[in-house]
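This report refers to the structure that appears directly beneath it.
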Amino acid sequence: MTRVLVVEDDPQLVRALVINLRARRYGVDAAPDGATALRLAAARRPDVVLLDLGLPDMDGVDVIRTLRGWTRAPVIVLSARQASAEKVAALDAGADDYVTKPFSMDELLARLRAAVRRTEDAPAAPEPVLVETAHFRIDLLAKKVLRDGRDVRLTPTEWHLLEILVTNPGRLITQRHLLHEVWGVTQANKSNYLRVYMAQLRRKLENDPAHPRYLITEPGMGYRFEA
């Protein structure tokens, strides 16, 4: 049974989440504040955490940072905070996904299922050697990309970006993280760099670059690779 920890101080929302999750055979624990959440997480070892940021005793971002000190369980943020900076802070702290309130229960459950699948499908090795899709194949060891049996020439910058995304399949990687990793600290605000290079990658890899299937943009937050 997949165990979910719900961290939320709104009793009505907690009740709705618990009812919906238990109806789908999830094990559920609930915490009304950060301190209780951390105690329950240590004792019950949840498979997924649903976390509100506006907790009565501490900010949810601090809860994420503490959890990331010892667990890789997916954290899905549920928050009324809609500013890009708030989303980026949570994702940079280690959250795996961000759902803005009010949200559709069906959408939340779909994101929860996706988070569980990514955890279950994670390879035992630290990184995959080959990444294959219906349209292209990436050999991370040889640093080569094939599309329709032909070599795809990537610049070092394009390769670095692609490597970060494909070794974190399904996970949202923030703009700030990508800029820091690829261009360094001094270029951490140059989001236009990302747009240009992601457009180039899509032209080389996607069947329809204007409607990408694999290299997905999360507006105002970052990018994710969907296999």
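The values are calculated or read from the model by the stated rules, or taken from the named source; none is laboratory data. Here the structure is a predicted model, which means the values were calculated and not measured. Using ideal geometry, Cβ is built from the backbone for each residue, glycine included, and neighbour counts are taken over all protein chains shown. Note: areas computed on protein heavy atoms with side chains; ligands, DNA, RNA excluded. Shrake-Rupley method; radii C 1.70, N 1.55, O 1.52, S 1.80 Å.
For the range 127-227, which strands (runs of 3 or more DSSP E) that fit wholly inside it have 2 or more residues that are open to solvent by less than 40 Å² (accessible area, probe 1.4 Å) and either over 26 Å from Val75 (Cα atoms) or without any contact (Cβ under 8 Å) to a residue 12 or more places away in the chain (or both)?
136-139
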Return the residue satisfying two criteria in turn: it lies in the range 48-70 and is among the charged types (D, E, K, R) and at pLDDT below 95, and of such residues it is farthest from Leu112 (Cα to Cα).
Asp57
I need a count of the residues in the range 203-227 that are farther than 18 Å from Val99 by Cα and of a type in the set (Gly, Ala, Ser).
2
